[in-house]
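Below: the structure, in structure tokens.
The values are calculated or read from the model by the stated rules, or taken from the named source; none is laboratory data. None of the values given here were measured: they were computed from a predicted structure. Quick reminder, even Gly has a Cβ in these numbers, built from the backbone with ideal geometry, and neighbours come from all protein chains shown.
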Amino acid sequence: MAFRPSALKKPTIEEKKQPLSPEEKEKIEAKKISETKELIEEEKAYLKGVVSIRDLIAPAALKVNPKYIQLGGKYVRTIFVVSYPRYISVGWFAPVINYNAPLDVAMFIYPVKAAVVLKQLQKRVGNIEAELEAAREKGMPRDPLKETALRDIEKLRDDLTTGVEHFFQFALYVTLYADSEKELDLLSAKIESIFGSKLIYTRRVYYQAEQGFNSTLPMGRDELMITFNMNSSPLASSFPFTSADLTSDNGILYGINRHNNSLILFDRFSMQNANMVVFATSGAGKSYAIKLEILRSLMMGTDVIVIDPEREYKYLSDAVGGTYINVSLEAESKINPFDLPRRVGEDVKVADLIRTAVITLKGLLKIMIGQADEKGIKRFTPEEDSLLDRALLETYAKKDIVPGCDLTKVEMPTLSDLQQILEGMTGAESLVERLKKYTEGTFAGFLNYPTNVKMDNQLVVFSVRDLEDELKPIAIYTIVNYIWNVVRSEMKKRILVIDEAWWLMQQEDSAKFIYALVKRCRKYYLGVTTITQDVNDFLISPYGRAIVTNSALQLLMKQSPAAIDLVQKTFMLTEGEKYLLLECGVGEGIFFAGAKHAAIKVVASYSEDQLITSDPRQLLEIAEEKKRFAEEMGSNNQL
């Protein structure tokens, strides 16, 4: 293909410099405008098909009423503060912030120039002084309110003049959300009562519901403009971002507050009760935390009793010189379930002790020889229950344990004595045959002997690891009953730790017994700690939930996704606290002490860690170090 030279010729400089005609300029401008309009229309069409964040978060409908707003399916109301007392304490706003309900809080702070405030205060001082002087001239009694106001104004003038204080106008709004108008009214009344308990007066919006809602949206617009004059100090006390402080002068160190790195020092016996529940998955560090508490409580003079299902407390017991009692079929340590408290106070009658013992023994016998119903719950027929009730009373009477006797001079009966009584009763043949399993059969070496264990040590650990799973609930029930008898015999500052408490939640009678123990132990200076990793089994039981309610302290550590919803509902956790329990590491969780709670990290010194660790790898390293040390000492002795 051939190209003509003229076709490739570039325009000359003179040709480039030739101006465009007006018609050509007009055409170019019109073309540009047309292209711009097309782009704008295309962009509009594109944006119509794009979902923005505003579209996603916007409610389906909004209805404005005089007293509230209907926002989709929610009822919304705003409360604003109109007056404050003369003094407000630091953290007064925390009860509202921590209230377990969805709410939005908005604070607007408008600075006021000191010169303007000082001018107004000067006028106010003049007026008050004139009123006081006029009252004195008339011989009227002094007015303490005006004198106090004068002193406060003079102090504020001094602070403003020296720059110690500054002056502001402060607006505080709280927006509440509920599922119905009735719930909204109830929630509003509760929030208003919290404000009122601090002598802070509030009002509900009226014909300003939309403006109140807009004022608490995260847009920084104050459409209500209801302010209160306030200087720096009380304004600072209204700061809403506070973390719970669980530091006290007495008690032991539980861990570090993860919010502010302060120490969580607490005395569990300073609460309305000293009970504690610990919920965590396996390996989350629950036993580690409790062993650390035990070690530090021993140093404070507190007696500790532990029910150990997995032999985790053996090393700790040996290290501090505690008593370690192995409960098994072939062990020498025996506990008689028929034992009664040996020391009886003046206000406790022997008849009451016998009656309580009979009820407790019937609960134990249900677990041992009761027949399971369709739900798997072991029960007695009414006839069997009546026979056992009479037989147990006769068993005690056989050993001269009757109302009015001296319990320090009698011998306690055993299961064999109960069997003999039942054998002489008509209709008890089936009960006797089932009972022989524990008196003459496979489990004869378990409960059919007098008690020979002693609890005269500061730390006593009962191990049930070597028992069959079928016997563990029976053993724990019996041990707890024996401990309860000892506790009632002599009042001391004690802690009872029940590890893997879900064993006792499997049967109604054992769960009921632990619940009764938790309710009554405060009177005997005892704090019960229940530990479990099967949270669902524990909390599904009505007695398990009641134990949580009657425990002033709770420690929640890492939870499984399967149990977290039940835990959140039971402990009324926020979404943030819920995810904290799902994602926290070993030794981390949430520590509850009454109305306060804080994120905790359990920390131990090197020496404490060596005594309480349950990590198998770490335990092997410690054992190897001991073996190596022993070999070195042996070789040195030979030299």
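Figures for the structure shown
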{"item": "Residue satisfying condition, being surrounded by 20 or more Cβ atoms within 10 Å (Cβ to Cβ) and modelled with pLDDT under 85, within set LEU447, LEU435", "result": "LEU447"}
{"item": "In segment 380-402, the residues that are of a type in the set (A, V, I, L, M), buried (at least 18 other Cβ atoms within 10 Å of the Cβ) and closer than 12 Å to LEU418 by Cβ", "result": "LEU387, LEU388, ALA391, LEU392"}
{"item": "Residues of segment 541-551 classified as among the β-branched types (Val, Ile, Thr) and either in contact (Cβ under 8 Å) with a residue 24 or more places away in the chain or not in a helix (DSSP H, G or I) (or both), total", "result": "2"}
{"item": "Any hit, segment 391-406, residues being modelled with pLDDT under 80 and under 20 Å from THR451 (Cβ atoms)", "result": "yes"}
{"item": "Qualifying residue in segment 182-204 (condition: assigned to a loop (DSSP other than H, G, I, E, B) and under 25 Å from ALA58 (Cβ atoms))", "result": "no"}
{"item": "Flag for LYS375 being assigned to a loop (DSSP other than H, G, I, E, B) and of a type outside the set (Asp, Glu)", "result": "yes"}
{"item": "Residue tally, condition farther than 18 Å from VAL277 by Cα and buried (at least 21 other Cβ atoms within 10 Å of the Cβ), over segment 576-602", "result": "1"}
{"item": "Selected residue [modelled with pLDDT of 75 or more, over 44 Å from the mean Cα position of the chain (by Cα) and within 30 Å of VAL205 (Cβ to Cβ)] from GLN120, GLN70, GLN169", "result": "GLN120"}
{"item": "Candidates ILE377, ILE421, filtered to the one that is crowded, with 19+ Cβ neighbours inside 10 Å, in contact with an Asp or Glu (Cβ under 9 Å, 6 or more places away or on another chain) and among the hydrophobic types (A, V, I, L, M, F, W, C)", "result": "ILE421"}
{"item": "The one condition in (1) closer than 18 Å to VAL76 by Cα; (2) modelled with pLDDT under 90 that SER188 fails to fulfil", "result": "(2)"}
{"item": "Any chance GLY424 is over 30 Å from ASP466 (Cα atoms), in contact (Cβ under 8 Å) with a residue 12 or more places away in the chain and small (Gly, Ala, Ser)", "result": "no"}
{"item": "Unique residue being surrounded by fewer than 13 Cβ atoms within 10 Å (Cβ to Cβ), touching an Asp or Glu at 6+ places or on another chain (Cβ under 8 Å), modelled with pLDDT under 80 and of a type in the set (Lys, Arg) when the list is ARG86, ARG142", "result": "ARG86"}
{"item": "Evaluation of THR451 against (1) of a type in the set (Ser, Thr, Tyr); (2) in a helix (DSSP H, G or I); (3) under 28 Å from VAL350 (Cα atoms); (4) touching a helix residue (DSSP H, G or I) at 6+ places or on another chain (Cβ under 9 Å) (one fails), failing number", "result": "(2)"}
{"item": "Out of VAL528, VAL497, sole residue that is part of a strand (DSSP E or B) and touching a Ser or Thr at 6+ places or on another chain (Cβ under 6 Å)", "result": "VAL497"}
{"item": "Conditions (1) at pLDDT 75 or above; (2) over 30 Å from THR574 (Cα atoms); (3) not hydroxyl-bearing (Ser, Thr, Tyr); number of the one not met by ALA106", "result": "(2)"}
{"item": "Condition broken by ILE564, with the remaining ones in (1) in contact with a Phe, Trp or Tyr (Cβ under 7 Å, 6 or more places away or on another chain); (2) surrounded by fewer than 20 Cβ atoms within 10 Å (Cβ to Cβ); (3) under 25 Å from LEU246 (Cβ atoms) satisfied", "result": "(1)"}
{"item": "Residues that are among the basic types (Lys, Arg) and farther than 10 Å from ALA274 by Cα, drawn from segment 494-534", "result": "LYS512, LYS519, ARG520, LYS523"}
{"item": "Qualifying residue in segment 477-486 (condition: without any contact (Cβ under 8 Å) to a residue 40 or more places away in the chain and either more than 30 Å from the chain's Cα centre (by Cα) or within 20 Å of GLN419 (Cβ to Cβ) (or both))", "result": "no"}
{"item": "Only one of ILE305, ILE359, ILE354 that is at pLDDT 85 or above, among the hydrophobic types (A, V, I, L, M, F, W, C) and in the same structural domain as GLN506 (by TED's automatic domain parsing)", "result": "ILE305"}
{"item": "Among the residues listed as ILE547, ILE498, ILE514, the single one being under 30 Å from GLY251 (Cα atoms), within 15 Å of the chain's Cα centre (by Cα), assigned by TED's automatic domain parsing to the domain that holds ASN481 and crowded, with 18+ Cβ neighbours inside 10 Å", "result": "ILE547"}
{"item": "Residues (in a loop (DSSP other than H, G, I, E, B), more than 30 Å from the chain's Cα centre (by Cα) and buried (at least 17 other Cβ atoms within 10 Å of the Cβ)) located in segment 458-476", "result": "LEU467, LEU471"}
{"item": "Of all residues making up segment 501-526, the number that are closer than 10 Å to PHE538 by Cα and either among the hydrophobic types (A, V, I, L, M, F, W, C) or at pLDDT 75 or above (or both)", "result": "6"}
{"item": "From ILE69, ILE97, residue being within 30 Å of LEU156 (Cα to Cα) and in contact with a strand residue (DSSP E or B) (Cβ under 8 Å, 6 or more places away or on another chain)", "result": "ILE97"}
